[in-house]
1. If a residue has to be loosely packed, with under 12 Cβ neighbours inside 10 Å and in contact (Cβ under 8 Å) with a residue 12 or more places away in the chain to count, how many in region 150-173 make the cut?
2. Could you tell me which residue of region 174-209 is nearest to ARG143 (Cα to Cα), considering only residues that are open to solvent by less than 20 Å² (accessible area, probe 1.4 Å) and out of contact with any helix residue (DSSP H, G or I) (no Cβ under 8 Å at 6 or more places or on another chain)?
3. If ASP99 satisfies all but one of (1) buried (at least 17 other Cβ atoms within 10 Å of the Cβ); (2) over 15 Å from the mean Cα position of the chain (by Cα), what's the number of the condition it fails?
4. Which one is farthest from ALA174 (Cα to Cα) among residues in region 114-140 that are assigned to a loop (DSSP other than H, G, I, E, B) and in contact (Cβ under 8 Å) with a residue 12 or more places away in the chain?
Amino acid sequence: MTQQRGRFITLEGVDGAGKSTHIAWLTDAVRAHGVSVVSTREPGGTPLGERLRALVLTEPMALETETLLMFAARSEHVRTVIQPALEAGEWVVCDRFTDATYAYQGGGRELGASRIATLEQWVHPSFQPDRTWLFDVPLEVARARLADAREPDRFEREGAAFFERTRAAYHARAAADPERFRIIDGTQSIAAIREQLEASLADMMAASA
Ligand code: TMP
């Protein structure tokens with residue numbers, strides 16, 4: 001009998017949208033449906049990727065370098081963690097993926113989509129998440145949350161215009177692929193968000209049964 005491929009779930013959103021609050025819970029929720037699951041993140045997810053993450057979040061660098069490092073980390077991650085897990089029938093929950101590059105580098109930093117599409121085509125042709133939950137909040141909410149958090153990284157230090165461009169680019173991605181995306185209003189209570197995630201997860205489970 002051939003092994004059924006696992007499902008690839010990603011969580012996206014501007015910094016401060018609240019997705020990190022739900023990663024561990026969501027991973028447990030997937031497991032509670034009786035499937036094995038790998039929880040991972042980008043940039044990062046491999047020993048090399050975590051070293052690239054430390055660089056990209058702290059070192060000043062050209063936009064092109066930043067974009068290439070995101071995809072370098074991703075290449076390693078897709079080949080050594082994500083694809084092998086999916087092929088083994090495991091589900092993968094990933095905190096950010098290529099939509100983040102379209103949003104942050106493409107939108108926030110104004111690189112545009114076409115060079116990112118070229119890199120995407122090279123690093124993971126014909127491979128996309130099965131479901132992407134996009135956590136969405138307005139600037140004031142994100143700012144208030146980040147103010148209480150740890151020392152901000154290179155992206156969290158950016159201004160309001162960067163935030164709005166990034167958010168708009170995420171919305172454009174979601175509008176272009178409504179089958180894959182579900183938008184979560186990140187201003188709701190944690191309980192309301194979890195209810196929405198659980199309902200969407202139950203649909204995915206039913207579809208893949
Ligand atoms: P995190 O704080 O959600 O783990 O993400 C780290 C930061 O990296 C976040 O500010 C978004 C940024 N990022 C990009 O700019 N491009 C990317 O492709 C990815 C995956 C993350």
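The values are calculated or read from the model by the stated rules, or taken from the named source; none is laboratory data. Nothing here was measured: the structure is a model prediction, and the numbers come from that model. Reconstructed Cβ throughout: ideal geometry from the backbone, glycine too, with neighbour counts over all protein chains shown. With ligands, DNA and RNA removed, areas are computed over all heavy atoms of the protein, side chains included. Shrake-Rupley method; radii C 1.70, N 1.55, O 1.52, S 1.80 Å.
1. Here the count works out to 1.
2. Only one residue tops the list, namely ALA174.
3. That leaves (2) as the condition not met.
4. In the first step, residues of region 114-140 are kept if they are assigned to a loop (DSSP other than H, G, I, E, B); the result is 124-130, 137-138.
Still in the list and also in contact (Cβ under 8 Å) with a residue 12 or more places away in the chain: 124, 127-130, 137-138.
Values: HIS124: 19, PHE127: 17, GLN128: 13, PRO129: 12, ASP130: 13, VAL137: 15, PRO138: 16 Å.
Among residues in region 114-140 that are assigned to a loop (DSSP other than H, G, I, E, B) and in contact (Cβ under 8 Å) with a residue 12 or more places away in the chain, the one farthest from ALA174 (Cα to Cα) is HIS124.
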